[in-house]
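Data first, discussion second: the structure below is written as structure tokens.
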Amino acid sequence: MKMLRRILLFPMFLLITSCGAPKQAIWTILVYMAADNSLNEAAIDEINEMEAADFSDEINVILQIDSREGNLYNFYPGARRYHIYPDTSNDLQIIHSPVIRSLGEIDSGDPQQLADFVNWGCNNYPADNTALIIWSHGNGWYDAYNRFCPDNDSGNSISVPNGDLAAALYGIYHEIDMLILDACNMQCLEVLAEIGNNADLVIGSETTVCTDGFPYSEILGFWEDYNDFDMLAQEITLTYINSYLPGGSQYQPGVNPGLSVSSFRSEKINDIMDQIENFVTAWQISAGEDYMENARGNCLEYNDLNADVDVIDFFSQLVTEEIPQDLEIFCNDIITLLNQAFFCQQYYNLPAEFSGTATIWFPDTEDTFVNLNVVYNQLEFAETDWTLFLDSGFSRQNMP
């Protein structure tokens with residue numbers, strides 16, 4: 001974990017005043033930091049890291065942080081918006097970037113707050129392209145444990161199964177070219193289905209994200225170097241992993257976390273869901289066969305409940321079993337589709353041959369399935385009837 005640094009606030013406030021229209025930039029990067037929780041100090045460290053990046057005024061980095069009262073840095077409690085600028089003084093002990101608005105106490109677990117921030121940022125800082133970074137705790141689609149964007153003061157969070165994430169993104173009236181989910185376990189098919197086509201590219205991790213998160217001192221310098229969005233996403237993906245390797249900017253001797261990250265084309269989510277539905281229709285009756293159970297058992301498990309597996313891992317494991325030829329053809333077809341959708345995928349220090357894309361819920365105990373089935377069926381991804389396949393597998397196991 002990142003060493004805590006004492007932060008002194010640079011006493012400068014900037015009011016948004018302009019006699020004319022704001023300059024059109026190449027990118028506006030909007031950073032939503034839901035830090036009214038245990039990540040408060042880490043969030044402040046991240047602001048310093050962003051200021052250490054090298055980027056020109058063709059890049060707008062606009063950040064909103066909601067801070068916890070009583071944090072170790074004695075940082076302003078409540079929400080503030082900053083215009084992040086490179087810190088040319090190289091003094092990492094001071095936040096030099098100006099405050100452009102103080103909001104007081106807000107509920108950063110309210111999806112409307114996310115939508116309002118993005119709409120405000122796009123309206124006030126126009127650009128050819130827009131990126132959104134959501135920085136906080138995360139837990140995939142699960143609405144328990146480390147919930148997504150939890151606000152300790154209100155007790156709320158942006159619930160994925162309740163439709164909060166989808167509502168926030170649908171409430172944004174501007175095109176999002178790239179969405180980075182800097183939170184744990186958010187790169188799963190269930191979350192990607194909720195995002196839908198509201199962001200062209202999605203970068204995230206199916207595993208735990210370290211407190212250091214993405215290496216902003218490096219990646220913020222990439223945005224004006226690439227005209228091709230795919231190449232930019234690939235560079236961000238590769239840099240994320242490399243930053244934690246020996247010699248990397250976030251490497252810590254003796255700390256070797258299991259990491260993964262992928263870049264996803266959102267236009268592929270409907271095709272993937274159609275293929276999963278086709279799989280359920282054709283092979284639901286075989287859900288309890290030994291080859292299905294063996295494939296699932298050989299997959300690396302993810303998340304708090306160890307109830308998620310990498311989707312490519314599952315279908316790749318299935319191909320290694322003695323399966324009907326038409327099922328083998330299907331598996332190879334869906335693996336091809338998934339590799340097209342997850343066009344850049346990286347992992348490190350994970351004991352799996354196939355990792356780094358996205359997870360899918362695949363509990364191996366009936367209790368977990370029964371306890372979460374009702375919640376799961378609130379998700380958009382449930383339209384694939386994936387839970388029917390899971391239920392069939394448990395039903396076959398219970399047969400005498």
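The values are calculated or read from the model by the stated rules, or taken from the named source; none is laboratory data. Just so we're clear, the structure is a prediction, and the values are computed from it rather than from any experiment. In this analysis, Cβ positions are derived from the backbone assuming ideal geometry, glycine residues included, and neighbour counts consider all displayed protein chains.
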message: Among the numbered criteria (1) on the phi < 0 side of the Ramachandran plot; (2) part of a loop (DSSP other than H, G, I, E, B), which one does LYS268 miss?
response: (2)
- line: Residues in the range 351-400 that are within 24 Å of PRO257 (Cβ to Cβ) and within 19 Å of the chain's Cα centre (by Cα) total 7
query: Residue check: is ASN303 free of Cβ contacts under 8 Å to residues at least 12 places away in the same chain and surrounded by 15 or more Cβ atoms within 10 Å (Cβ to Cβ)?
result: no
- request: Could you grab me the full set of residues in the range 329-361 that are small (Gly, Ala, Ser) and at pLDDT below 95?
  value: ALA352, SER355, GLY356
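Condition check: under 21 Å from ASP391 (Cα atoms) and outside any helix (DSSP H, G or I). Does VAL309 satisfy that?
Working: under 21 Å from ASP391 (Cα atoms): yes; outside any helix (DSSP H, G or I): yes.
Yes: the conditions hold for VAL309.
Quick grid of which residues meet (1) surrounded by fewer than 22 Cβ atoms within 10 Å (Cβ to Cβ); (2) part of a helix (DSSP H, G or I); (3) at negative phi:
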| position | (1), (2), (3) |
| --- | --- |
| ILE106 | yes, no, yes |
| ALA115 | yes, yes, yes |
| CYS122 | yes, yes, yes |
| PHE148 | no, no, yes |
| GLY155 | yes, no, no |
| ASN185 | no, no, no |
message: Looking only at the range 307-322, filter to residues that are buried (at least 20 other Cβ atoms within 10 Å of the Cβ) and without any contact (Cβ under 8 Å) to a residue 40 or more places away in the chain; which one of those is farthest from GLN346 (Cα to Cα)?
response: LEU318
- prompt: Which residues, taken from the range 326-363, are buried (at least 18 other Cβ atoms within 10 Å of the Cβ) and either within 15 Å of ALA193 (Cβ to Cβ) or of a type in the set (Asp, Glu) (or both)?
  reply: LEU338, ALA341, PHE342, THR357, ALA358, THR359, ILE360, TRP361
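In the range 320-355, what residues are of a type outside the set (Phe, Trp, Tyr) and part of a loop (DSSP other than H, G, I, E, B)?
The first filter runs over the range 320-355 and keeps only residues of a type outside the set (Phe, Trp, Tyr), leaving 320-329, 331-341, 344-346, 349-353, 355.
The answer is THR320, GLU321, GLU322, ILE323, PRO324, ASN349, LEU350, PRO351, ALA352, GLU353, SER355.
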statement: In the range 121-178, anything within 30 Å of THR368 (Cα to Cα), in contact with a strand residue (DSSP E or B) (Cβ under 7 Å, 6 or more places away or on another chain) and without any contact (Cβ under 8 Å) to a residue 60 or more places away in the chain is listed as ARG147, PHE148
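Would you be able to say whether some residue in the range 220-233 is assigned by TED's automatic domain parsing to the domain that holds ILE59 and closer than 15 Å to TYR347 by Cβ? Write out each step before concluding.
The first filter runs over the range 220-233 and keeps only residues assigned by TED's automatic domain parsing to the domain that holds ILE59, leaving 220-233.
Checking which are closer than 15 Å to TYR347 by Cβ leaves us with none.
Taking every residue of the range 220-233 in turn, none turns out to be assigned by TED's automatic domain parsing to the domain that holds ILE59 and closer than 15 Å to TYR347 by Cβ.
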task: Would you check if PHE314 is in a helix (DSSP H, G or I), aromatic (Phe, Trp, Tyr) and either outside the structural domain of ILE180 (by TED's automatic domain parsing) or closer than 25 Å to VAL209 by Cβ (or both)?
output: yes
message: Suppose we filter ILE272, ILE285 for residues that are among the β-branched types (Val, Ile, Thr), buried (at least 17 other Cβ atoms within 10 Å of the Cβ) and touching a residue at least 40 places away in the same chain (Cβ under 8 Å); which single one remains?
response: ILE272
- request: Would you mind finding the one in ILE26, ILE44 that is at pLDDT below 90 and out of contact with any His (no Cβ under 7 Å at 6 or more places or on another chain)?
  value: ILE44
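Do we have ILE95 as at pLDDT 90 or above and of a type outside the set (D, E, K, R) here?
On the way: at pLDDT 90 or above: no; of a type outside the set (D, E, K, R): yes.
Answer is no for this residue.
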task: Check off (1) farther than 21 Å from TRP141 by Cα; (2) not assigned by TED's automatic domain parsing to the domain that holds GLU383 for THR211 and give me the number that stays unchecked.
output: (1)
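Can you say whether ALA167 is outside any loop (DSSP other than H, G, I, E, B), modelled with pLDDT of 95 or more and surrounded by fewer than 22 Cβ atoms within 10 Å (Cβ to Cβ), as far as the supplied structure shows?
Values: outside any loop (DSSP other than H, G, I, E, B): yes; modelled with pLDDT of 95 or more: yes; surrounded by fewer than 22 Cβ atoms within 10 Å (Cβ to Cβ): yes.
Here the answer is yes, as ALA167 does meet what is asked.
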